[in-house]
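For reference, the structure is listed below as structure tokens.
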């Protein structure tokens, strides 16, 4: 499974379904897949001023969070990043990571660009709630 940057940010700064997905990856319930491009985007977002106080209060740093994610995820290196998402080229990196990592799921909160696609190359694009439901239905560790 690939988690879009918006879900990763939500998962590290607040409780909720995105956090449950990150915890599931840490627990080995599924294989989390990402790429250097997605990790770099996550670092850029977490370094924004609006997150500084919240992260500092929790004793966290943007780089530390990215390093933690790198430890629990499979980091793939897509050979190419084809243009697929017409409205946001940055989202092409999400799809490229999923294809390269042979993921079966992309979880996203992006209602404007990613979720409307539904699926790409047989990889379902779903909300965090749907991803949690699918993991619960699996009931056992699974590559994803």
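Readers should treat all values here as calculations from the given coordinates under stated rules, not as data from a laboratory. As the structure is a computational prediction, the values presented were derived from the model and not from experiment. Cβ sites come from the backbone with ideal geometry, for glycine too, and all protein chains shown count toward neighbours.
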Extending each Cα 7 Å along its Cβ direction at residue 14 and residue 68, get the distance between those two points in nm, one decimal.
-> 1.8
Okay, helix-only estimate at 222 nm for the chain: each DSSP H run of n ≥ 4 adds -39500 (n - 2.57), divide by all residues, round to 500 deg cm²/dmol; what do you get?
-> -14500 deg cm²/dmol
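Could you give the alpha-carbon Rg of the chain over 2.2 N^0.38 Å, rounded to two decimals? Don't skip to the answer; put the middle values down first.
Details: Rg = 14.2 Å, N = 144, 2.2 N^0.38 = 14.5 Å.
Taking N as the residue count of the chain, the ratio is 0.98.
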If each residue's Cβ is checked for other Cβ atoms within 10 Å, how do 34, 81, 5, 61 rank with the fewest at the top?
-> 61, 81, 5, 34
log₁₀ I(q)/I(0) of region 39-103 at q = 0.24 Å⁻¹, via Debye over equal Cα point scatterers, no solvent, to two decimals?
-> -1.01
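What's the extension gain from residue 54 to residue 36 if we count 0.36 nm per residue and subtract their Cα-Cα distance?
4.0 nm
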Would you list 35, 100 from fewest to most Cβ contacts within 10 Å?
-> 100, 35
Could you check what % of the DSSP bridge pairs in the chain are antiparallel, to the nearest 5?
-> 15
